[in-house]
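Each reported figure results from applying straightforward, stated rules to the coordinates on display, with no laboratory input. Bear in mind the structure is a predicted one, so any value in this text is a computation, not a measurement. In this analysis, Cβ positions are derived from the backbone assuming ideal geometry, glycine residues included, and neighbour counts consider all displayed protein chains.
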Amino acid sequence: MLTIKSIPAFNDNYIWLIQNSDLRCAIVDPGDAKPVLQYLEQQNLTLEAILITHHHKDHVGGVPALLDSFPNIKIVGPEKEDIPYLTHHLNGGDQFSLFDETFLVIDLPGHTLGHLGYVGDGKLFSGDVLFSAGCGRIFEGSPEQMFDSINKILALPDDTKVYPAHEYTSANVSFALAVEPGNKDLLTYREDVFQLRAERKPTLPTTLQKEKLINPFLRVDQPSVVNSIANRTKETSPLAVFTALREWKNAF
């Protein structure tokens, strides 16, 4: 069993640290090297690998400085994106071993065209595709691509722990309540989120089981969600509902 720790960076990023039982570790999406190096020194950890989900600077900006300290580490990331320093260029369907756990790579385009997710040990590192109570903005891909990516995630087991790269939960819950003001699970979750943030604690990880109850982007087949976007689209297909939700969220 792997231990996961969050290392805060910038205003709302999380750099996830994956640790095994003998003080070796990997990190996911190191946008900033400084907090990572501080944590590694404090905990006496050895960095062996970096996992990158996509090319945005707040996810890769710390890699050069980390390489200065750990020049022989393995760096895995999407083959379809122009990211320097990668030692292993991966695509959806690939697998790799990390501390005796097998991780599956899944293609999750939409936020960026080559965005990847990493699934192993009952955990999904979802980058900027799936957040708690929300999903990522569509910068390079299409709504169809993002919708397909969300559906790939939905096919994972309900007890999968999801580790997004940003602490966006409070804002996402506000939008989700605008979509489903009568969602009792969501109202309860809002109180949990408020309490955690008041104590300066992360709201993450989440689980797919929880997200299916509170995340409107995973609930596009629910009448309460379909009714909320009725004035925004004449179509009621799941893709049309998803697209209308994403456009609404962009302006929320």
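One table, with the values for the structure above:
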quantity: Sorted by Cβ neighbour density within 10 Å, fewest at the top, the residues Thr243, Thr233, Thr87; calculated: Thr87, Thr233, Thr243
quantity: Beta bridges by DSSP in region 30-175, antiparallel share as percent, to the nearest 5; calculated: 55
quantity: Spatial extent of region 3-250: Rg and Dmax, with the Cα atoms as the point set, Å; calculated: 18.0, 57
quantity: Assigned charges on the beta-carbon of Lys, Arg, Asp, Glu; region 3-250 dipole about Cα centre (debye); calculated: 660
quantity: Most mobile of Pro202, Pro78, Pro109 in a GNM of the chain (Cα contacts under 10 Å); calculated: Pro202
quantity: For region 149-206: Kirkwood Rh in Å [reciprocal of mean 1/r, alpha carbons]; calculated: 12.7
quantity: Cross-link partners of Lys210 among lysines (Cα-Cα below 19 Å; sequence separation of 8 or more within a chain); calculated: Lys123, Lys152, Lys161, Lys184, Lys201
quantity: Order of Ile75, Ile18, Ile4 - criterion: other Cβ atoms within 10 Å of each residue's Cβ, fewest first; calculated: Ile4, Ile75, Ile18
quantity: Principal axis box of region 45-173, alpha-carbon based, largest edge first, Å; calculated: 39, 29, 29
quantity: Average silhouette area of region 151-252, convex hull of alpha-carbon atoms, in square nanometres; calculated: 6.6
quantity: J(HN,Hα) series, region 172-177, from Karplus relation 6.51 cos²θ - 1.76 cosθ + 1.60, nearest Hz, glycine and proline x; calculated: 5, 5, 4, 5, 4, 6
quantity: Lys/Arg +1, Asp/Glu -1 at C-beta; region 65-203 dipole; positive extreme among Gly93, Gly77, Thr203; calculated: Thr203
quantity: Contour excess over end-to-end distance, with Cα ends at Ala178 and Thr102 and 0.36 nm allotted per residue; calculated: 23.4 nm
quantity: Asn151/Ile4 FRET efficiency (R0 35 Å; Cβ-Cβ; nearest 0.05); calculated: 0.90
quantity: Taking the chain and dividing mean pair separation by its residue count, relative contact order in percent (alpha carbons under 8 Å, at least six apart); calculated: 13
quantity: Burial order of peptide ranges 49-60, 190-201, 214-225 (average beta-carbon count within 10 Å, highest first); calculated: 49-60, 214-225, 190-201
